[in-house]
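Here the structure comes first, spelled out in structure tokens, and everything after it is commentary.
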Amino acid sequence: MDTHLLLGSVAGFFTTLAFLPQVIETWSSQSARDLSWGMIFTLCVGVVLWLIYGLLIDSLPIVLSNGVTLMLTGTLLGLKVRFRERKKVEG
């Protein structure tokens with residue numbers, strides 16, 4: 001395997017993996033209060049742009065890592081909306 005491809009794949013794996021604990025914690029606690037709307041929105045936009053960039057330059061590590069990261073950040077966004085709505089109904 002090409003060294004550049006390996007390095008990009010390992011980097012993408014770890015930066016994507018970094019979001020998993022937050023998704024698990026948010027789901028387990030049933031609270032997304034500590035997550036900033038601005039952070040989630042800005043991150044989603046950045047990840048979409050990285051994904052588009054990866055597609056344009058035909059880089060599998062960038063496409064895969066940002067595709068998975070987009071799913072994880074999208075999950076966080078969905079949980080933020082879901083738990084906000086639940087709080088309004090209960091409160």
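Bear in mind that the values in this text are calculations on the coordinates, not laboratory data. Note that the structure is predicted; figures quoted are calculated from it, not measured.
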- Note on the structure: One finds the C-alpha centres of region 57-78 and region 1-56 to be spaced, in Å, by 6
- Query: Which whole-number percentage describes the relative contact order of the chain, with Cα contacts under 8 Å and a sequence gap of 6 or more?
  - Reply: 42
- Using Cα atoms only, what is the angle between the long axis of helix 60-90 and the major principal axis of the chain, expressed in degrees (0 to 90) to the nearest 10? 0
- Taking the chain and counting helices only, DSSP H stretches of n ≥ 4 at -39,500 (n - 2.57) each over all residues, the nearest-500 ellipticity at 222 nm comes to -29000 deg cm²/dmol
